[in-house]
Amino acid sequence: MTQNKAPITQAMVLAAGLGTRLRPITDTMPKPLVPIAGKPMIDYGLDALADAGVTHAVVNVHHFADRMEAHLAAYPRLDITISDERSALMNSGGGLKKGLALLDPGLVYVMNADLFWIGETAGEKTNLERLAEFFDPEAMDMALLCVPLDRTTGHNGKKDFQLDADGRLSRYADGGDNPVVYAGAIVMQSSLLDDAPDDAFNLNIYFDRAIAAGRLFGLTINGEWITVGTPEALPEAEAVIARYSVEA
């Protein structure tokens, strides 16, 4: 694998979802701004991008879009461009395709605004930096950050993929070896979606296309992965963050 690559400096953050399972909290605020241990959920991901060398991010907005825009305008570490989905939600794939048009062609991180991780080892490369180094455009369409079930908090137990010894991903089948959960971060070339439709579609179409071509790969994160899908998951997430803070 090529080492010492230039850092990826641009990212697309998918933040336009309605967060319906987090009601009633999301009846009054967008899910990415729900505070987790005193910090808006989206800021964990934005900080991870900034730590990895990203300087420009596109973030799509829909639910409470004005509040999202105000928060992102004040975020200090990145130059943020809004991809406006007020008129119609574009789903994960359509939202990504629309957002990529606001970035330069080339390598890009793709992040989900409501999934994040903690507990990286100080002084070592971050998970996103590791993913960027891992990505090989000659062999891969996409490289996904993944996490074993025993290092997830708030997850429903669903196994997304199985990770082969060479890092190749396939859809998890019952009894499969090395099941992992998609951790919500991708490295890819923006040109991968050049042929994508301009309307709403699910990014899983491109996962499955890459699997069929043997070109979907995964890298396991360092640390603990956190998802907050329901109000009941909030205290569990905050307890894990508090534990890691004490250990640090």
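Nothing in this text is a laboratory measurement; each read-out follows from the coordinates by a stated rule. Keep in mind the model is a prediction, meaning the values are calculated, not measured. Neighbour counts run over all protein chains shown; Cβ positions are idealised from the backbone, glycine included.
Find out how many positive minus negative residues lie around Arg77, taking Lys and Arg as positive, Asp and Glu as negative, among other residues whose Cβ is under 14 Å from that of Arg77.
-3
Kindly rank 89-99, 168-178 from highest to lowest mean number of other beta carbons found within 10 Å of each residue.
Details: 89-99: 22.8, 168-178: 13.8.
Listed from highest to lowest mean packing, they are 89-99, 168-178.
So if I take the alpha carbon set of the range 111-204, get Rg, then get Rh from the Kirkwood formula, what is the Rg over Rh ratio?
Values: Rg = 14.5 Å, Rh = 15.0 Å.
Reported Rg/Rh, Kirkwood definition of Rh: 0.97.
Report, largest value first, the span of the C-alpha coordinates of the chain along each principal axis, in whole Å.
Principal-axis extents of the chain (Cα, largest first): 44, 42, 37 Å.
Report relative contact order for the range 93-248 in percent, whole number only (criteria: Cα-Cα under 8 Å, sequence separation at least 6).
Numbers: 258 pairs, mean separation 60.0, N = 156.
Value for the range 93-248: 38 percent.
What is the extension gain from Glu232 to Arg171, computed as 0.36 nm multiplied by their sequence separation minus the C-alpha to C-alpha distance, in nm to one decimal?
Working: separation 61, 0.36 × 61 = 21.96 nm, distance 2.87 nm.
Full-extension gain reported as 19.1 nm.
Which order, highest average first, do 179-188, 209-218 follow once you tally other Cβ atoms within 10 Å for each residue and take the mean per peptide? Intermediate results must be reported in sequence, preceding the final value.
Details: 179-188: 23.7, 209-218: 17.9.
Order by mean packing, descending: 179-188, 209-218.
As a test of the definition: which semi-axes, in Å, follow for the range 151-195 when you take the square root of five times each eigenvalue of its alpha carbon gyration tensor? Largest first, please. Please list the in-between numbers first.
Details: eigenvalues 106, 44, 19 Å².
Calculated on Cα positions only, the semi-axes equal 23, 15, 10 Å.
With viscosity set to 0.890 mPa s at 25 °C, what whole-number translational diffusion coefficient in µm²/s follows for the range 156-222 from Stokes-Einstein and a Kirkwood radius over Cα pairs? Spell out each step's value before the answer.
Details: Rh = 13.1 Å.
In µm²/s, the coefficient rounds to 187.
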